1. Name every residue in the range 155-184 that is basic (K, R) and closer than 13 Å to V225 by Cβ, in order of residue number.
2. For the range 23-71, which residues satisfy the criterion of being out of contact with any Lys or Arg (no Cβ under 9 Å at 6 or more places or on another chain), among the charged types (D, E, K, R) and farther than 17 Å from A228 by Cα?
3. Is it fair to say E97 is farther than 19 Å from S195 by Cβ, modelled with pLDDT of 90 or more and over 17 Å from the mean Cα position of the chain (by Cα)?
4. Starting from residues that are loosely packed, with under 13 Cβ neighbours inside 10 Å and either closer than 27 Å to T187 by Cβ or of a type in the set (A, V, I, L, M) (or both), keep the ones in the range 100-113 and report whichever is modelled with the highest pLDDT.
5. Tell me which residues, restricted to the range 250-265, are in a loop (DSSP other than H, G, I, E, B) and within 22 Å of the chain's Cα centre (by Cα).
6. Go through the range 19-71 and give me each residue that's assigned to a loop (DSSP other than H, G, I, E, B), closer than 18 Å to K179 by Cβ and modelled with pLDDT under 90.
Amino acid sequence: MVTRSIISAITSLAALLAVMPAFADTTLVVQGSDGLESSIQVRHGRGKMSTAGMPGYLVFDAGSRSITYVEPDQRRYTQATAAELQSGIQAAANIRENVAPYMADLLAGLPVEQRRLIEQRMGVVLGAPAAGHKAAAASLKTVARGTHTIAGLRCDASGILKNGRPAAEVCMATGPSGKLSRQDYATLAEMVSVSRSLAAGAGAGGMLGDLADQLKFLALDIDGVPLAVRDLEHGKRYQVTAVSNALLPDALFNSYGAFQRQDMAGLLLQ
């Protein structure tokens, strides 16, 4: 009788674990108004971010807070912790600030398209304030706009006002729901936290371009994982369109180990 009860309990537990999402992996498909489709795959505290048609991809490790940029075609990768990456961005920003006054006259004499190309490589924006002058900090305010469901996931919607004018709309998942497990939600939340800290860091605007502005829209009082972002200033939209919890192979997250490791300075100078 005791043996039968133990077997029955084990069978029931196995059946329960088979349907519980707590240990399931997660794949989110993100569609942008620019026509690009990206995927975020999460397994055991790691997240892989890739975009269709783009040769490289990112792997985030929540445990070590490290970010790895993988270039399969070149069989190489660059890996750094969030702190190391922030330090590198700051160093690159300092270099740009020092050379900017000497480059201004040279750039002014170039054709517009050539000047834009050089400025993009340097992280300089056309029409930016002159060296030594900082633009006034924008005032951001959020307005709650209810709860929605996107691709089976619950999220809290907010409008974001910049200097009193509508600048963005976001819908943030604040916890696990649907096919998103508690563990994978925690990984995604940590990924978003690191991204926001990098975007807010000194010099990140030049390195990340529009992406830095979009991440800054996720003001400190808006927590969670963005399921939909509408950037009114740049006319762009991003939204999770599908979520699955099918098991993912470990190779998706660690196959780059056979590639050659590249120094982070080489990546920042590309």
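The values are calculated or read from the model by the stated rules, or taken from the named source; none is laboratory data. Bear in mind the structure is a predicted one, so any value in this text is a computation, not a measurement. Virtual Cβ from ideal backbone geometry, glycine too; neighbours counted across all protein chains shown.
1. Across the range 155-184, the qualifying residue is only R182.
2. Answer for the range 23-71, where residues must be out of contact with any Lys or Arg (no Cβ under 9 Å at 6 or more places or on another chain), among the charged types (D, E, K, R) and farther than 17 Å from A228 by Cα: R43, R46, K48, R65, E71.
3. Details: farther than 19 Å from S195 by Cβ: yes; modelled with pLDDT of 90 or more: no; over 17 Å from the mean Cα position of the chain (by Cα): yes.
No; evaluated as a whole, the condition is false for this residue.
4. From the range 100-113, those loosely packed, with under 13 Cβ neighbours inside 10 Å are 101-102, 104-106, 108-109, 111-113; that's our starting set.
In the following step, the residues that additionally are either closer than 27 Å to T187 by Cβ or of a type in the set (A, V, I, L, M) (or both) were identified as 104, 106, 108, 112.
Numbers: A104: 64, L106: 62, A108: 66, V112: 74.
Here the residue is V112.
5. Answer for the range 250-265, where residues must be in a loop (DSSP other than H, G, I, E, B) and within 22 Å of the chain's Cα centre (by Cα): D250, D263.
6. M20, A24
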